[in-house]
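Written below as structure tokens is the structure these notes are about.
The numbers here are math on the coordinates, done by the rules we state, and not lab data. Fair warning: this is a prediction, and the values are worked out from it, not measured in the lab. In this analysis, Cβ positions are derived from the backbone assuming ideal geometry, glycine residues included, and neighbour counts consider all displayed protein chains.
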Amino acid sequence: MKPRIVITRAVFPEHLAALREQYDVRDNQPDIAWTPSEMAAAFADVDGALVTGSDRIDAALLAQAPRLRVLSTISVGYNHIDVAACTRQGVVVTNTPDVLTETTADMAWALLMATARRVTESERWLRAGLWKQWSLDQFLGADLHHSTLGIVGMGRIGQAIARRASGFAMKVVYHNRSRLPESVETECRATRVEFDDLLASADHVMLVLPYSAASHHLIGAAQLAKMKPGATLVNIARGGLIDEDALAEALAAGRLFGAGLDVYEGEPQVNPKLLALNNVALTPHLGSASRATRDAMARLAISNMSAALVGRRPAHLLNEAAWPIPTPAA
Ligand code: 8YV
């Protein structure tokens with residue numbers, strides 16, 4: 001008998017076809033997110049699951065998935081998964097790092113440029129038919145070149161963002177728990193500073209760190225007040241890093257020049273106070289969204305799941321303590 005798997009959201013057809021040859025597949029190609037009870041029903045008798053960053057995998061769901069042995073997320077972030085509960089239940093968890101690094105770094109720059117040069121704001125205005133003449137002071141932006149970029153979270157994606165900054169002759173400062181090896185700092189032309197110093201000195205601040213209870217609302221009213229007047233803030237990590245009400249207030253008051261957001265605390269809902277503002281560029285969680293990268297992420301997630309299901313150590317195992325799984329399901 002083929003092992004049973006569930007795929008919570010639509011995947012590329014060629015991946016689904018390949019998976020069907022190997023597994024008894026419960027899919028969701030209509031791509032309408034399942035409710036908690038539909039999720040529970042879909043997980044009830046499966047050995048493996050391919051999930052996405054928008055599926056909440058908690059202890060309550062796991063309790064209804066007694067056969068589950070492998071949970072493979074098509075994302076690098078895994079704050080949507082209760083990994084400790086998975087470990088307790090003997091469920092191996094895997095993710096998809098590396099393959100999305102460069103694409104996500106590109107998106108960070110797209111948002112920074114859109115924010116600093118008011119690309120989305122001015123396009124809305126133009127499409128509304130408001131452009132009657134060119135003016136010297138129309139949509140004046142903030143410069144990127146020769147400015148200071150502050151990167152909070154200098155992992156793989158933060159480093160890829162930093163490497164791109166030299167093309168803009170920017171000074172790069174970063175904040176991380178620990179200092180990076182000197183060779184990496186040299187390659188990224190980046191200097192480690194304390195968090196408050198980064199806020200005070202950067203013209204453009206980018207959030208690229210994982211979300212956890214410890215980083216919840218890392219940027220709140222107090223931190224926004226410490227930022228350089230007229231600075232910009234870009235978030236391509238997780239919405240919960242920012243107190244969105246406080247951000248909306250700082251943007252409305254003109255304390256910040258603008259913000260570029262790809263992620264939101266209650267996504268897909270967006271805080272109405274942010275929607276009401278012009279000086280914020282908003283995108284719907286597109287960080288890794290290129291065809292090639294989403295394909296690579298899905299392939300990697302499938303290979304992690306397939307390896308674990310036959311008792312081979314998956315390349316990207318998040319909970320060592322759950323490995324090896326007691327009885328390979330195939
Ligand atoms: C995903 C992401 O596209 O990988 C991540 O952590 O945030 C994005 O690249 C998203 O989570 C959907 O799975």
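Estimated purely from DSSP H runs of n ≥ 4, each contributing -39500 (n - 2.57), the mean residue ellipticity at 222 nm for the chain is -10000 deg cm²/dmol once divided by its residues.
Of the residues Met305, Met227, Met170, which exhibits the maximal mean-square fluctuation in a Gaussian network model of the chain defined by a 10 Å Cα contact cut-off? Judging by the Gaussian network model, the answer is Met170. Annotation for segment 173-281: GluC sites (Glu not before Pro) lying in DSSP loop with at most 11 further Cβ atoms inside 10 Å of their Cβ are Glu194. Dipole magnitude for the chain: computed about the Cα centre from +1 point charges on Lys and Arg Cβ and -1 point charges on Asp and Glu Cβ, it is near 380 debye. For segment 207-330, rounded, prolate or oblate, judged on the Cα gyration tensor with a ≥ b ≥ c (square roots of eigenvalues), a/c < 1.5 rounded, else prolate if a/b > b/c? Judged from the Cα gyration tensor, segment 207-330 comes out prolate (a/c at least 1.5, a/b above b/c). Taking each residue as 0.36 nm, the span from Glu187 to Arg313 lengthens on full extension beyond its C-alpha to C-alpha distance by 42.1 nm. Modelled label positions at Arg255 and Arg299, each set 7 Å beyond Cα in the direction of Cβ, lie 4.6 nm from each other.
Residue-wise HN-Hα couplings along segment 255-265, as the Karplus relation 6.51 cos²θ - 1.76 cosθ + 1.60 with θ = phi - 60° gives them from phi, are 5, 9, 6, x, 9, x, 10, 10, 9, 9, 5 Hz; Gly and Pro carry x. Site pair Ala321 and Glu194 shows an inter-label distance of 3.4 nm when each label is modelled 7 Å from Cα along Cα→Cβ. Indicate the gyration tensor shape class of segment 8-162 (rounded, prolate or oblate), computed on the Cα atoms with a ≥ b ≥ c the square roots of the eigenvalues: a/c under 1.5 is rounded; otherwise a/b larger than b/c is prolate and the rest oblate. It is prolate, given that a/c is not under 1.5 and a/b is the larger ratio.
Over 10 Å apart: what share of the alpha carbon pairs of segment 161-201 falls there, rounded to a whole percent? Every Cα pair in segment 161-201 considered, those over 10 Å come to 69 percent. From the square roots a ≥ b ≥ c of the eigenvalues of the alpha-carbon gyration tensor of the chain, which class results: rounded (a/c under 1.5), prolate (a/b over b/c), or oblate? Cα axes put the chain in the prolate bin.
The GNM of the chain, with springs linking C-alpha atoms under 10 angstrom apart, assigns the highest mean-square fluctuation among Phe43, Phe12, Phe195 to Phe12. Once backbone amide H atoms are built at 1.01 Å from N, Ile151 has Val173, Tyr174, His175, Met206 as its partners under 5 Å, excluding neighbours fewer than 5 places away on the same chain. Placing a label point 7 Å from the Cα of Glu123 along the Cα-to-Cβ direction, the residues of segment 274-288 whose backbone N falls under 12 Å of that point are 281-284. For segment 76-87, putting each phi into the Karplus relation 6.51 cos²θ - 1.76 cosθ + 1.60 with θ = phi - 60° gives couplings of 7, x, 9, 5, 7, 10, 7, 5, 4, 5, 4, 4 Hz, in residue order, rounded to whole numbers and with x for Gly and Pro. Of interest is the spacing of the C-alpha centroids, which for segment 270-306 and segment 114-150 amounts to 24 Å.
Only Lys, Arg, Asp and Glu carry charge here, each on its Cβ (+1 for the first two, -1 for the last two); on that basis segment 5-140 has a dipole of about 400 debye about its Cα centre.
Taking the Cα centre of segment 1-71 as reference, the dipole from Cβ charges on Lys and Arg (+1) and Asp and Glu (-1) amounts to some 160 debye. Cross-link reach is defined here as a Cα-Cα straight distance under 18 Å, omitting same-chain residues fewer than 8 places apart; for Lys171 the lysines meeting it are Lys228. In order along segment 282-295, phi translates into HN-Hα couplings of 10, 10, x, 6, 10, x, 9, 7, 10, 4, 5, 6, 4, 5 Hz, rounded to whole numbers, per the Karplus curve 6.51 cos²θ - 1.76 cosθ + 1.60 with θ = phi - 60° and x for Gly and Pro.
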